[in-house]
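Below: one structure, written as structure tokens.
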Amino acid sequence: MKVKSVLFFFVFIQLLFASFAYSAENTGTTVVQMDKAETIIYGEAKRGGLIERLNELETVLFGRSLPGSISERQLQLINFIETGSDEQPSLLFKLGVAEWAVSQTIQPFVPALGRLQKLEQELDGFIQEGKPMAMRVERLLSMLLTDPVTQVELEVSSDKIVRAQFLDDIGPGKSRKGDSVKMELLEDFTIENHLIAPKGSRIVSEVSEVKRPAAFGRPGEVKLDLKYLQILGPEEVKVKVADTTKRFGERGEGNIAAAAGASIVGAVLLGPLGLASGLLIRGQSLDVNAGTQFYIELADRAKMSVFPIPPGLRKNDESSEGTSVSRSSSNSEEVFIPDQ
């Protein structure tokens with residue numbers, strides 16, 4: 001298996017160089033691109049000269065420097081890490097598949113290098129220090145799956161709803177305009193034996209407006225903009241708060257007053273706000289706590305790159321995929337958010 005993995009890695013690198021052709025579109029500045037790539041891999045941008053940083057990151061990923069100009073090399077890095085090509089899914093796509101195959105969840109808030117090291121520790125009992133990340137990911141996937149990881153394009157309708165939760169506390173007293181708010185999926189988003197976004201996938205959101213509580217009992221407000229769901233593929237998929245009446249009907253489950261728990265006493269969650277894919281959090285003093293649950297759905301029908309799930313990883317209850325309505329058995333409170 002070791003010889004096979006090494007041979008495959010060299011073939012893989014040749015395909016990489018051939019597939020990621022340089023394009024001047026959406027490259028941004030060289031410094032911004034470098035910061036972005038390092039943040040994904042290490043968790044933060046490094047200091048030092050641009051060429052030295054580029055050489056170091058290429059060595060970490062491939063074991064050698066790439067050919068081409070600085071701009072070309074940086075774009076190849078971003079394509080390899082985030083975008084992928086027709087022949088090869090991205091590093092993040094493959095890493096997500098490996099995590100999901102092992103633990104049925106992913107960790108997008110952890111740097112890619114840390115995610116890989118955790119997988120190696122779980123599967124091997126030690127970390128493959130000094131070897132290129134590209135080779136290490138391919139080796140793990142060859143251990144886990146019979147066939148190479150592929151991605152296919154799938155058009156997904158907007159009628160699937162998926163359970164999510166806050167990972168941050170939110171409230172008029174502590175939130176600030178421009179703050180990012182951590183949210184994640186609490187279940188896999190799948191359709192027809194295709195994995196779109198595993199459990200743990202990040203929902204990118206931001207505080208767009210804050211109003212402090214005022215005199216005469218006027219409550220404070222926090223408006224959140226749900227920007228997109230980070231799926232396995234490179235697409236930024238717009239999402240919104242789900243219209244739970246599609247799934248639960250006009251009564252009971254869609255009623256905030258009936259579903260609200262102790263974590264949001266004194267606060268009200270409403271959404272979506274008109275055409276915005278947002279949330280309005282309104283309350284006098286208490287916050288919406290981390291662990292508060294809600295549902296999201298796609299804002300529109302969209303095409304996206306997804307993972308065709310091999311038979312050995314398919315769940316038996318495909319009929320309930322992406323539409324789970326049962327309450328969590330955990331101690332966290334679940335909140336159903338009706339369409340307004």
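Structure above, values below:
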| item | result |
| --- | --- |
| Accessible-area value, Val97, 1.4 Å probe, nucleic acids and ligands omitted, Å² | 0 |
| Net length gained if the chain between Glu192 and Tyr42 were fully extended (0.36 nm per residue, minus Cα distance) | 50.5 nm |
| Gain upon complete extension [Lys315, Glu52; 0.36 nm per residue less C-alpha separation] | 90.1 nm |
| Positive minus negative residues near Leu119 (Lys, Arg vs Asp, Glu; Cβ under 12 Å) | +1 |
| Inter-label distance, nm, simple model (7 Å from Cα along the C-beta direction), Phe109/Glu206 | 1.9 |
| Summed residue charge, Cβ within 11 Å of Val207's Cβ, Lys/Arg positive, Asp/Glu negative | -2 |
| When each of Lys227/Lys303; Lys36/Lys177; Lys36/Lys240; Lys177/Lys238; Lys177/Lys199; Lys238/Lys303 is checked by Cα-Cα distance, pairs over 19 Å | Lys36/Lys177; Lys36/Lys240; Lys177/Lys238; Lys177/Lys199 |
| Apportionment of accessible area to carbon and sulfur, segment 152-225, percent (1.4 Å) | 42 |
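The values are calculated or read from the model by the stated rules, or taken from the named source; none is laboratory data. Predicted model, so just to flag it, every value in this text is computed and none were measured. A quick note on method: Cβ atoms are made from the backbone with ideal geometry, for glycine too, and the neighbour counts reach across all protein chains shown. Note: areas computed on protein heavy atoms with side chains; ligands, DNA, RNA excluded. Shrake-Rupley method; radii C 1.70, N 1.55, O 1.52, S 1.80 Å.
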